[in-house]
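The values are calculated or read from the model by the stated rules, or taken from the named source; none is laboratory data. What you see is a predicted model, and the numbers here were worked out from it, not measured in a lab. Heads up, the Cβs are rebuilt from the backbone with ideal geometry, glycines too, and the neighbour counts pull from every protein chain shown. SASA here: full protein model, heavy atoms, side chains in, ligands and nucleic acids out. Shrake-Rupley method; radii C 1.70, N 1.55, O 1.52, S 1.80 Å.
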Amino acid sequence: MQLPFENVLRVLYGEVFARRNFIFILFSIISLSIVAVGSVWPKKYTSVAIIIADDSNILQPLMEGTAETTRVTNHGANAREILFGDIIMSQILKDAGWLDNNPSEVEQAQITENIKSKIKISGIGRDLIKIETRDNDPLRAYITAKRMSELFVKEGERSKINESQAAYDFIEKQVNEYLQKLTVVEKQLEEFRSNNPDARPGTDTEVSDRIRRLTTEIERTRLELRETFIRRDSLQDQLSGEAAITISMSREGQYRSKIADLQTRLETLRLDYRETYPDIIRLRHQIEDLKSSMGKEIKQRQTAKLRAQNEGAAYIDEAILLNPLYQQLRGEASSTETQIATLQARISEMNKMLEKEYERAKRIHGGEAALSNLTRGYQVNQEIYQDLLRRMERARVSKSLDEENQGLIYKIQEPARIPLIPTGIRFIHFAAAGIIFGLSVPIGLIYVMMQIDPRIRFSQIISSGMNIPVLAEIHQYSTNADKRKLEINLLLLAIGYVTIFCIYGYVGWLKSTGQL
Amino acid sequence: MSKIEEALNKAKQSRNSNGTDLGVIKSDSSSIEQNGLNHLAPKKIQTQDISTVNEIALMDNGDILDNKELSELKIIHSEMDDEKVANTYRDLRTKLLQKSQGKNFIAMVTSCVDGQDSAMTSLNISTAFSFDERKTSLLIDCNLNNPKLDSLLNMETDKGLTDYMENESIEVDTIMHKTGIKRLKMIPAGMSREIATEYFTSLRMRKLMDGLLARYSDRYIFLESPPITESADTRILAELCDYVILVVPYGTSTENKIKDAVEAIGSEKLLGVVFTDIPERPRFSMSKLFKF
């Protein structure tokens, strides 16, 4: 059955009041024992130093992409690695005065472990490193925190410079290696070029072009040759059908033809006219004249012939002439012959050239593979070399950045201070815990008892839970004597509580003045 | 302590010495209540029942305990500092009267556990009935093995119920004792220690009860009995009475124990539970603090 909380509280109050003496006894035992523990609890002092890892200075945007500032992603973890190293820890041991008693090596190691457990290094956010040192002695806590922060900054700078120097050295080595490789490849390429002058890019097409041109030229020339043969043949045919000499019409002949012509005209005229007709007379006279001129001519020729026979000289009849057509054909035939000879010579020449080109093409193909191999290697090496060269320059700048304390900088943001107030669990906490536990434990016990105990404390369980009417609820009835007893009891309890608080105050005072 | 003892002794002495005085009411301490009730009582009743009231008023109450003495005995009275307890008993009285519809009755008060709670409750209920000057109440200690009422009332009695049962020559009047509380008489357990269960089943017992109930119509009889779960007597007694009131003291009885008791009583006679002995919760007020 679920009881209203108010009722539970009321009954709890009644129980607590009824068991006030039990509560007091438990309270005094618990609180005094807690205070006793608190009085001997050692004081702890904490000194804090904060280091800022500043990697976002003014240079960064300026050097963007050129220089790599040393980046540390987890400053806290990094710092722990550096600070808990032997170099810094031994320095701390010395500075904080742990070695004053000349401890042995083993003891030193133990002290170191002990110090490490008391130092808390944590990264706050992205950039801050917090060094917290705890110690019973405030001064020692302060010295430890102070020295740690100083040494960390120093060590951080050193390691940063080392890092960038190492990076630079590495890249430089790589650059040199590639430079050597590149030189070797370059030399090989040069040698190959000098051995294979044809091995140039594009030679291949040039050669094939040439071969094609030659082939066409040969074809064309052959065609022409054949044509020329045909022409020669036809010319010879014509030549055999033509007379070498023609007889030209002599002056004698000219006269005769003229006479015949005139005779014809005379005949025509005689048909119409009489012999006396003037024209016929003039024609007759003309014929006469012409006849006499012809006779003179014949006579002259015969005399010349005779004289030539007599003198033995050659006689050339004027009437005999060379045939001009024959002459022309003969000329053409001979020029055709010449042309044939020329064409044939050209063909053979061109064939020779073609063969040469073929040979050259063959040579070029072999060399090209070697060349592309060499060129490829050369290009790759060159690219890497140039990239490395660029990187080296950047590394050089980074190195000088770090050397001049630019880039990532560790600075002491908040220097360690001598702690004045102890931290951790202090006496006031024990006092508070004493009061809280001293009261809550017995009251809690009573509450638990109430919950566990099956005996009925709530009339509602009877009335609602068991359906039996509750006629009355009767509270305890105290006599005057009881009341007086109660008053005395309460007074004694009050004195008891005041006494306990006085003990609290006294122990607290002793603690604060350092007597405890 | 000495003061209280003194007061008690004084009360005892005066009661013993004045045991046989007739009808003289020492009205010094009780007059207020009487007057108050006279004022409050309706006039009709006053005129009708005037004879009864007179009769009761003339009843021999013996030496009356004053309020201080009552307080020491943890018996309620009308002028208590803390009226809550007295009012609770008054309410209980009203409930019983409502139940009986005004008729007188015999009610047994028993408990689930051993202890003084049922005796204390029966004493205070009967006292509450006696507040009303038109009613008288009679308390019978039926816890023969372990009678408690004598010590609660700080009395020394001679003859009681067992004596009456054993010796037929003893009259009822001789076993009825004055309690020092007005209108409340008591029959103690008695001196005889030869106790048998048969007493309660005997005809004489039944006759006694009937006689006591019939004699005065305004007499209310309460039987103080041992825990019902532990005594067969109590179950037999339950047969004799009209109502049973079960006393459950705070933080003593489990649900099963109460169930057993209720079963033993039987639902028709059980009037209900009185939840007693609830721890007092102090109410701190500024005035009290200053006084302190």
Inspect the range A:465-472 for any residue being surrounded by 13 or more Cβ atoms within 10 Å (Cβ to Cβ), in a helix (DSSP H, G or I) and among the small types (Gly, Ala, Ser) and give the result as yes or no.
yes
For a quick check of your reading: which helices (runs of 4 or more DSSP H) sit entirely within the range B:153-226 and have at least 3 residues that are more than 22 Å from B:ILE245 (Cα to Cα) and free of Cβ contacts under 8 Å to residues at least 12 places away in the same chain?
B:203-215
Tell me which residues, restricted to the range A:55-91, are at pLDDT below 70 and within 30 Å of A:PRO138 (Cβ to Cβ).
A:HIS75, A:GLY76
Residues satisfying the stated conditions in the range A:291-314, i.e. farther than 17 Å from A:GLN254 by Cα and either surrounded by 10 or more Cβ atoms within 10 Å (Cβ to Cβ) or small (Gly, Ala, Ser) (or both)
A:GLN302, A:THR303, A:ALA304, A:LYS305, A:LEU306, A:ARG307, A:ALA308, A:GLN309, A:GLY312, A:ALA313, A:ALA314
When the range A:371-390 is checked residue by residue, the ones that are surrounded by fewer than 15 Cβ atoms within 10 Å (Cβ to Cβ) and closer than 18 Å to A:ASP204 by Cβ are A:SER372, A:ASN373, A:THR375, A:ARG376
One residue from A:ILE495, A:ILE474, A:ILE468 being over 30 Å from B:GLU263 (Cβ atoms) and within 14 Å of another protein chain (Cβ to nearest Cβ):
A:ILE495
Subset of the range B:95-127 [at the interface with chain A (Cβ under 10 Å from one of its Cβ atoms) and either open to solvent by less than 10 Å² (accessible area, probe 1.4 Å) or of a type outside the set (Lys, Arg) (or both)]
B:LEU96, B:CYS112, B:VAL113, B:ASP117, B:MET120, B:THR121, B:ASN124, B:ILE125
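In this structure, does B:ILE245 turn out to be in contact (Cβ under 8 Å) with a residue 60 or more places away in the chain and not acidic (Asp, Glu)? Let's see the steps before the verdict.
Working: in contact (Cβ under 8 Å) with a residue 60 or more places away in the chain: yes; not acidic (Asp, Glu): yes.
The answer is yes for B:ILE245.
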Could you please find all residues in the range A:383-420 being touching a Leu at 6+ places or on another chain (Cβ under 6 Å) and over 20 Å from A:PHE152 (Cβ atoms)?
A:TYR385
Count of residues meeting criterion [of a type in the set (Gly, Ala, Ser) and open to solvent by less than 30 Å² (accessible area, probe 1.4 Å)] in the range B:218-235
2
Residue tally, condition β-branched (Val, Ile, Thr), open to solvent by less than 30 Å² (accessible area, probe 1.4 Å) and under 16 Å from B:SER137 (Cα atoms), over the range B:57-94
2
Confirm whether A:GLU288 is assigned to a loop (DSSP other than H, G, I, E, B), among the charged types (D, E, K, R) and open to solvent by 70 Å² or more (accessible area, probe 1.4 Å).
no
Is at least one residue of the range A:454-462 more than 7 Å from every other protein chain (Cβ to nearest Cβ), at pLDDT below 90, part of a loop (DSSP other than H, G, I, E, B) and on the phi > 0 side of the Ramachandran plot?
no
Quick one: would you say A:LYS94 is outside any helix (DSSP H, G or I), of a type outside the set (Gly, Ala, Ser) and modelled with pLDDT of 70 or more?
no
Residue count for the range A:423-452, restricted to those that are assigned to a loop (DSSP other than H, G, I, E, B) and either open to solvent by less than 30 Å² (accessible area, probe 1.4 Å) or basic (Lys, Arg) (or both)
1
Out of A:LEU306, A:LEU290, which single residue is touching a helix residue (DSSP H, G or I) at 6+ places or on another chain (Cβ under 6 Å) and modelled with pLDDT of 80 or more?
A:LEU290
Considering only the range A:148-161, I want to know if a residue exists there that is touching a residue at least 12 places away in the same chain (Cβ under 8 Å), buried (at least 19 other Cβ atoms within 10 Å of the Cβ) and farther than 27 Å from A:ILE131 by Cβ.
no
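If the requirement is being in a helix (DSSP H, G or I) and under 30 Å from A:LYS181 (Cβ atoms), which of these qualifies: A:GLU355, A:GLU368, A:GLU349, A:GLU337?
Checking each option against the conditions leaves just A:GLU368.
Please work out if A:PRO415 is surrounded by 18 or more Cβ atoms within 10 Å (Cβ to Cβ), in contact (Cβ under 8 Å) with a residue 24 or more places away in the chain and not polar (S, T, N, Q).
no
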Look at the range A:327-375 and say how many of its residues are modelled with pLDDT of 90 or more and hydrophobic (A, V, I, L, M, F, W, C).
8
Cross-chain or 6+ apart pairs with Cβ under 7 Å, the range A:347-373 first and farther than 30 Å from A:GLU191 by Cβ, then modelled with pLDDT under 90
none
Looking only at the range A:474-488, count every residue that is surrounded by 17 or more Cβ atoms within 10 Å (Cβ to Cβ) and in a helix (DSSP H, G or I) and tell me the total.
0
Number of positions in the range B:236-282 that are more than 10 Å from chain A (Cβ to nearest Cβ), open to solvent by 40 Å² or more (accessible area, probe 1.4 Å) and over 21 Å from the mean Cα position of the chain (by Cα):
3
Please determine whether any residue of the range B:67-80 is more than 14 Å from chain A (Cβ to nearest Cβ), at pLDDT 85 or above and under 13 Å from the mean Cα position of the chain (by Cα).
no
